[in-house]
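> Here's a structure for you.
The values are calculated or read from the model by the stated rules, or taken from the named source; none is laboratory data. This structure is a prediction, so every number in the text was calculated from the model and none was measured. Here the Cβ positions follow ideal geometry from the backbone for every residue, glycine too, while neighbour counts run over all protein chains shown.
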Amino acid sequence: MKILVIDGQGGRIGKSLIEKIREASIDCSITAIGTNSLATSAMLKAGADNGATGENPVVIACRHAEVIIGPVGIIAADSMLGEITPRMAEAVGQSDARKILIPVNKCFEVAGVIEKSLSEYINDAVSLLKA
């Protein structure tokens, strides 16, 4: 399975996702794309197989991924303090990959989502990968 993890800012969500995926021993290749070098570095240290930074790597990686995982903001242009460009959001949205999004209420409020801790949402995302 080819998993693409996209994150920005400090890469905390992406880092945690990658650590949990590795702990779960899921047979996969993980590509980490950060919107900035700090996020990419954090995800690579967490165990991603490869990584890159910026808009074009997001666009290219979305073409080849089977699963895309990241905070809900990766599907909305100008979210995550402007780190998600319209082209990035479009690439994620148009990808045929299965998308697993982590609700983060800083930018969005998603009706019907039960309030949980970030670690609980990450565990839920990894459970979806296993299923």
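> Within region 60-74, track down each residue that is farther than 18 Å from ILE122 by Cα, touching a residue at least 24 places away in the same chain (Cβ under 8 Å) and assigned to a helix (DSSP H, G or I). Spell out the reasoning first.
Within region 60-74, the first condition is being farther than 18 Å from ILE122 by Cα, and the residues that meet it are 60-66.
Adding the requirement that they be touching a residue at least 24 places away in the same chain (Cβ under 8 Å) leaves 61-66.
ALA61, CYS62, ARG63, HIS64 - these are the residues of region 60-74 that are farther than 18 Å from ILE122 by Cα, touching a residue at least 24 places away in the same chain (Cβ under 8 Å) and assigned to a helix (DSSP H, G or I).
> Do we have MET80 as more than 21 Å from ILE122 (Cα to Cα) and touching a residue at least 12 places away in the same chain (Cβ under 8 Å) here?
Numbers: more than 21 Å from ILE122 (Cα to Cα): no; touching a residue at least 12 places away in the same chain (Cβ under 8 Å): yes.
No, not satisfied.
> Looking only at region 19-59, filter to residues that are polar (S, T, N, Q) and in contact (Cβ under 8 Å) with a residue 24 or more places away in the chain; which one of those is surrounded by the fewest Cβ atoms within 10 Å (Cβ to Cβ)? Please lay out each step first, then the result.
At the first step, the residues of region 19-59 found to be polar (S, T, N, Q) are 25, 29, 31, 35-37, 40-41, 50, 53, 56.
Of the ones still in play, those that are also in contact (Cβ under 8 Å) with a residue 24 or more places away in the chain are 29, 31, 35-36, 40-41.
Working: SER29: 13, THR31: 22, THR35: 28, ASN36: 16, THR40: 23, SER41: 17.
My answer is SER29.
> Which ones in region 1-18 are over 20 Å from VAL72 (Cβ atoms) and either at pLDDT below 95 or not aliphatic (A, V, I, L, M) (or both)? Let's see the steps before the verdict.
Keep residues of region 1-18 that are over 20 Å from VAL72 (Cβ atoms), which gives 1-2.
Answer for region 1-18, where residues must be over 20 Å from VAL72 (Cβ atoms) and either at pLDDT below 95 or not aliphatic (A, V, I, L, M) (or both): just LYS2.
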